[in-house]
Every structure is written in C-alpha cells, then in structure tokens.
Amino acid sequence: MRTQKVTYFTDKEEAFTNLFVGLGTKRNVAIVLVYLANMQEATSRDIERSNDLRQPEVSLAMKYLIHRGWITVRDDASKSKGRPLKIYALAKPFAEIIRIIEDEKKAEAEHKIQLTKKLRDYI
C-alpha cells in the first residue's frame, strides 16, 4: 500500500476563501487560488484530494485561472505510463492577483455609481 501526504485547509484559509467568494469569485476558483497561494505547485489530483473537489470542478477553475493568466501549467514527464501529470502554479504573485481583483471591483463600483447618476438626471 502506498501512503501520500494530503494538505487540508485551516480555518484561516477557509475564511480567506470565503472572502474571495464574498467578492463574487466562484467558490472552486477561490479554493484553487488559496490552495496554490500556500503551495509552490500542485497537480489537479492534489487539489481535488485536499479540498474535496471533483475533477470537473478543478478543471473548470483551472481553465478560468489560466485564461486570466494567473496560473501556469506544465507537464510532468517523470511518469512513463498513461497521461502526463499537469502541474499548476501561480503565474503572478498572490498580492498582484488580489490587486487586480481590487481594481476590477473598483471599476465595477464606479460604473454602478455612474449609472445611478444617469438615473438621477432623468428625474
């Protein structure tokens, strides 16, 4: 039998994830971001096991994060049988990702304020 080390979220990491969700980030995306912020790199299987996510949930989160340019992916060719493992890591410093989210939320809020001002002009 083979043993494997699995890392689980602490209460602090769970709270951090909930902050992302409160800002409108999908829960699975938030989980992956927080997980990778605490790990140098991880396979999708590591993320699935550590966070009780299913493979399709991790895949969808990864597609979104790769599209945003926040995650890099590389193949691990050390295994000779089957598909090569994909190894994920943050492409940008975590603080920069938070800054990007903050800037987007500020722009959204400003847009809503402008719409509200236009509504007042109609009165």
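Brief remarks on what is shown
- Filtered by the rule that a residue be closer than 16 Å to residue 41 by Cα, assigned to a loop (DSSP other than H, G, I, E, B) and either touching a residue at least 12 places away in the same chain (Cβ under 8 Å) or in contact with an Asp or Glu (Cβ under 8 Å, 6 or more places away or on another chain) (or both), the range 52-81 gives 69, 70.
- Candidates 113, 71, 66, 123, filtered to the one that is under 24 Å from residue 24 (Cβ atoms), not assigned by TED's automatic domain parsing to the domain that holds residue 25 and not polar (S, T, N, Q): 113
- The listed residue being under 20 Å from the mean Cα position of the chain (by Cα) and exposed (fewer than 14 other Cβ atoms within 10 Å of the Cβ), out of 76, 103, 121: 103
- Out of 46, 11, 75, 52, one residue alone is touching a Pro at 6+ places or on another chain (Cβ under 7 Å) and either farther than 21 Å from residue 108 by Cβ or modelled with pLDDT of 90 or more (or both). It is 75.
- Qualifying residue in the range 32-41 (condition: part of a helix (DSSP H, G or I), in contact with a Leu (Cβ under 6 Å, 6 or more places away or on another chain) and free of Cβ contacts under 8 Å to residues at least 60 places away in the same chain): yes
The values are calculated or read from the model by the stated rules, or taken from the named source; none is laboratory data. Predicted model, so just to flag it, every value in this text is computed and none were measured. Positions of Cβ are backbone-derived with ideal geometry, glycine not excepted, and every protein chain shown enters the neighbour counts.
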